[in-house]
Amino acid sequence: MQHFVQALKARFGESNVSTIHHDFGTFLLITSSDFSGTLLMTSDFSTFKMNVHEKHVGEEFAELYFYLPNYWAINDLDNPTMNWVFPWLKRIKEYVQNNNTWLGHGHTMPCGKEMNSLSSTMTQNHFIVSKPIACEKHLQPLVIESKTIFFLAIIPLFPDEMDYKQGKGTAKLFDKFRHQGVTEKLDDYRKSVLKSKWKFFGK
């Protein structure tokens, strides 16, 4: 972990990378004058070697992150509209580790067995894993001691977006995101990128 944090500090600046200790683990907070908002990132997921598909050999190590907007009160630990990011990073990380599996671009998962909304303001009930979009330039892979560490964003999905991804595929969903300016940055005010009747018209 220490070498990873030092590499991030070298990239973003010493004062722009901090460690936050939470009931759900140790996380990193990254800020930069080059982007608006804060990255909340796992700190030690890359110590685990994921059991990747043979087509993805070389992508065994990664860290997960949420891209938080400026209005996100990261220190308001009692606020259910804000504090869900911590347990979900922990749950996703531990799911991969405990099942000796892997995460990659386009993988999806429900928000628990009941598929409840993330919060009262963020009604998405699935996640999709993505390569960095808004942070692509800033989150290029890090090479540390011959180990390449990738960065994977976690993006909340609405139910119809999940249906569309399953029916039309990952590439078409991300095309929708791109055309409507949706990135990995969390947004309580985001609407679905889909028209309600896409299933009937195949659009």
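The values are calculated or read from the model by the stated rules, or taken from the named source; none is laboratory data. Note that this is a predicted model, so its numbers are computed, not measured. All Cβ positions, glycine included, derive from the backbone under ideal geometry; neighbour counts span all protein chains shown. We work out accessible area using only protein heavy atoms, side chains counted, and drop any ligands, DNA or RNA first. Shrake-Rupley method; radii C 1.70, N 1.55, O 1.52, S 1.80 Å.
Among Lys172, Lys185, the order of accessible area from largest down is Lys172, Lys185, computed with a 1.4 Å probe on protein heavy atoms. Qualifying trypsin sites (Lys or Arg not before Pro) in the range 90-160, where qualification requires a DSSP coil assignment and no more than 16 other C-beta atoms within 10 Å, comprise Lys113, Lys137.
Computed with every protein chain present, the accessible area of Trp72 is close to 20 Å² [probe 1.4 Å]. Of the solvent-accessible surface of the chain, computed with a 1.4 Å probe over protein heavy atoms with every protein chain present, carbon and sulfur atoms account for 48 percent. For the range 1-75, count all C-alpha to C-alpha pairs, find those more than 15 Å apart, and express that count as a whole percent of the total. I get 60 percent for the Cα pairs in the range 1-75 exceeding 15 Å.
Using only DSSP helix segments of four residues or longer, with each worth -39500 (n - 2.57), what per-residue ellipticity at 222 nm results for the chain after dividing by its residue count and rounding to 500? Provide the component values of the computation, followed by the final result.
On the way: 5 runs with 49 residues, N = 203.
Mean residue ellipticity, 222 nm, calculated: -7000 deg cm²/dmol.
Computed with a 1.4 Å probe over protein heavy atoms only, the accessible area of Leu28 comes to about 0 Å².
Straight-line cross-link reach from Lys113 at under 22 Å between alpha-carbon atoms covers these lysines, not counting any fewer than eight positions away in the same chain: Lys90, Lys93, Lys165.
Which whole-number value in Å² is the accessible area per residue of the range 1-134, probe 1.4 Å? Working shown, then result.
Numbers: 6690 Å² over 134 residues.
Ligands and nucleic acids excluded, the result is 50 Å² per residue.
Rounded to the nearest 5, what is the percent of antiparallel bridges among the DSSP beta bridges in the chain?
Of all bridge pairs located within the chain, approximately 80 percent are antiparallel.
Between Asn99 and Glu14, the simple spin-label model (points 7 angstrom out along Cα→Cβ) gives 4.3 nm.
Close amide-amide hydrogen proximity is noted between Ala134 and Glu184, Lys185, each under 5 Å apart and 5 or more residues distant or on a separate chain (H modeled in the peptide plane; Pro and chain starts excluded). Summarising the amide proton neighbourhood of Thr38: residues at separation of 5 or more, or on other chains, whose placed amide H is nearer than 5 Å comprise Leu68.
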